[in-house]
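**Student:** Before I ask anything, let me first share the structure, which is written out below as structure tokens.
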């Protein structure tokens, strides 16, 4: 008897974000967020996010220039990450706040915009004391 393995996507290899000004966006992600810059090619720039590649790209002709998904970056200490990013000039839409009580921990988030006005978030799972 043959069993069928259930297929499921499990690992993100690359995330793309549309930007209007590639040079400005590279400076934001590299200098303000402290992300590891890998390389640029034509209208693309790449960063390493712990094994997941982030690609910044200007829109192709006829491609919408918005409607991006939100990328959530996991941080160990959301208050420390918030302070560090704010000191680097990152402008937040809100302060870190509880999203949900998950039983054994609280899920905290805060949201900010990149240089191209794309929405990004930081999130942290804070254990109950």
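**Student:** Give segment 99-129 a look and list any residue that's at pLDDT 90 or above, surrounded by fewer than 19 Cβ atoms within 10 Å (Cβ to Cβ) and under 15 Å from residue 77 (Cβ atoms), or say none.
**Tutor:** Correct list: 105, 106, 107, 109, 123, 125, 126, 127.
**Student:** Something else now. Looking at 86, 110, which one is free of Cβ contacts under 8 Å to residues at least 24 places away in the same chain and outside any loop (DSSP other than H, G, I, E, B)?
**Tutor:** Details: 110 fails: free of Cβ contacts under 8 Å to residues at least 24 places away in the same chain.
The match here is 86.
The values are calculated or read from the model by the stated rules, or taken from the named source; none is laboratory data. Every value quoted in this text rests on a predicted model; they were computed, and no experiment measured them. Note: ideal-geometry Cβ built from the backbone for every residue, glycine included; neighbour counts use all protein chains shown.
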